[in-house]
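Every number in this text was worked out from the coordinates using simple rules, so none of it is lab data. Just so it is clear, the model here is predicted, and its values are computed rather than measured. Cβ placement follows ideal geometry from the backbone for every residue including glycine, while neighbour counts extend to all protein chains displayed.
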Amino acid sequence: MTRAPLQSLDQALDLLLADVHSAVEQESVELNKALGRVLAADLHARLDVPPWDNSAMDGYAVRSTEAGQSLPVAQRIAAGERPEPLPGAAVARIFTGAPLPPGADAVVMQEDVQIDVEGRVILPAKIAPNDHVRHRGQDCRAGDHLLGAGRRLQPQDLGLIASQGISEVAVWRRLTVALLSTGSELREPGSGELDAAAIYNSNRPMLAALLEQLGCEVRDLGIVGDTPQATRKALQAGASADLVISSGGVSVGEADHVRDVVAELGEIDLWRIAIKPGKPFAKGRVGSTPFLGLPGNPSSAFVTFVLLARPFVHALQGRRDTGAVALPARADFAVPRPGSRREFLRVTTRVEGGELWATPYVNQSSGVLTSVSASDALAMVPEHRTLAHGDAIEILPLHRLMD
Ligand code: AMP
Ligand code: MG
């Protein structure tokens, strides 16, 4: 049996992303259903926002040249009311968000005036033009580029889109992902006590949740026993999705059938990626459906998912808003001997002396899922490098890998 080639993470990512393109069609969704969906087209402003000059404060709309005078109140303008032009030698009572009356060029806060016995408003000695005025178009102007195609919509984006009076947006259809958990030893939680040699399936809920957080629709194909027949049946069922992801069964053990069956139904590249945890990884297709094979060890499955599957999913989803997630930090540990694989230590971070410090979880074994739950970041230890305590490193905060 030929050994799969050892790839650096960067090479693997380049190969993985080289020929992917968005696999889904466009659809229109109501704005209130659009959270987390990926914009299919650039979005431009149709209107100036705000649509007219208005007051940023509760107070008095004035002519700034009339500073220092005592003036009568000519009108009262609440939010939602249309103003009359402001006559000379008068002020208008105005409230936050109300349109500025024509003729006024500033707002004086109500705290900054006094009212004399005749009810006139005594203005401060100095008023700068434009004081407390929110000008038309200060948020955005008609024609401005607001949001780019490929952006996953955030709550604040929905507000921005609504401010333009837009009630429906063009997004990419949700990606459907078929998920298989291979391993004859696996049992679902809730299926009873474990018999000897069995373990509960931790990858299924973890990977399903990671995919759901990316906005995918998961088709759970459950546990797949380690036989070619069961593997073939599950992969064929998964091929109608946009992507098939499996965990386990991609090492070179005799019970690892994923490789042969994917090769039979499409094609497969088996890689050993020079990362720790998470060496075995497979990329291929089942029929024409892309396929990714993650390692079975839960920590390895997690790390390969966030480092490799996640960018692949983004590409299929048509996302273009995914920037770098690494942050600078200091190692609260030492690496005395260089390793041949880039290591992703599960760490907790804290701020000390204005810097982030990363402390590794005690057990970094790839089967130890407590290491991931106990951590808030992955700390990168570059291959072929030693580290002294306090050395500069890069960390990937876990919450930034969940979107
Ligand atoms: P494999 O990649 O199939 O050789 O699996 C490697 C290790 O991960 C074995 O100890 C498996 O029992 C374990 N494993 C595989 N799949 C899962 C799973 N879904 N949940 C928990 N452990 C798993
Ligand atoms: Mg297995």
FRET efficiency for Gln138 and Ser70, using Cβ-Cβ distance with R0 set to 35 Å, rounded to 0.05: 0.65
Pairwise FRET efficiency - Arg320 versus Thr227, Cβ, R0 = 51 Å, nearest 0.05: 0.80
Antiparallel %, DSSP beta bridges [both residues in the chain], to 5: 65
About the Cα centre, charge dipole magnitude for the chain (Lys/Arg +1, Asp/Glu -1 at Cβ), debye: 680
Degrees separating the helix 9-18 axis from the principal Cα axis of the chain, which is the longest one: 80
Student exercise, the range 327-401 dipole from Lys, Arg, Asp, Glu Cβ charges, in Debye to nearest 20: 200
Angle in degrees between helix 203-213 and the longest Cα principal axis of the chain, rounded to the nearest 10: 30
Ranked by how many other beta carbons lie within 10 Å on average, peptides 60-66, 25-31, 87-93, 185-191 from highest: 60-66, 87-93, 185-191, 25-31
18 Å cut-off, amide nitrogen to a point 7 angstrom out along Asp14 Cα→Cβ, residues in the range 378-403: 383
Using θ = phi - 60° and Karplus 6.51 cos²θ - 1.76 cosθ + 1.60, couplings along the range 334-339 (whole Hz; Gly, Pro as x): 10, 10, x, 10, x, x
Most mobile listed residue (Ala388, Ala329, Ala197) in the chain, GNM with C-alpha springs under 10 Å: Ala197
Residues whose placed amide H lies under 5 Å from that of Phe291, excluding near-sequence neighbours: Val244, Gly284, Arg285, Val286
Mean-position separation - Cα centroids, the range 39-65 and the range 329-361, in angstrom: 48
Reachable lysines, given that their alpha-carbon falls under 22 Å from the alpha-carbon of Lys233 and they are not under 8 places away in the same chain: Lys283
Sequence ranges 128-136, 217-225, ranked by mean other-Cβ count within 10 angstrom, highest first: 217-225, 128-136
Helix 228-238 vs. the chain, principal-axis angle (Cα, 0 to 90°, nearest 10): 20
Note, ³J(HN,Hα) from phi for the range 66-82, Karplus 6.51, -1.76, 1.60, rounded to Hz, x at Gly and Pro: 9, 3, x, 8, 9, 10, x, 8, 7, 7, 10, 10, 8, 4, x, 9, 8
5 angstrom amide H check on Gln7, placed H, neighbours 5+ away: Arg272, Ile273, Ala274
Ranked by how many other beta carbons lie within 10 Å on average, peptides 5-13, 206-214 from highest: 206-214, 5-13
Long-range HN-HN contacts of Phe333 with modeled amide H, under 5 Å: Gly390
3J(HN,Hα) from dihedral phi, the range 341-346, Karplus parametrisation 6.51/-1.76/1.60, rounded to Hz, x for glycine, proline: 10, 6, 9, 10, 6, 7
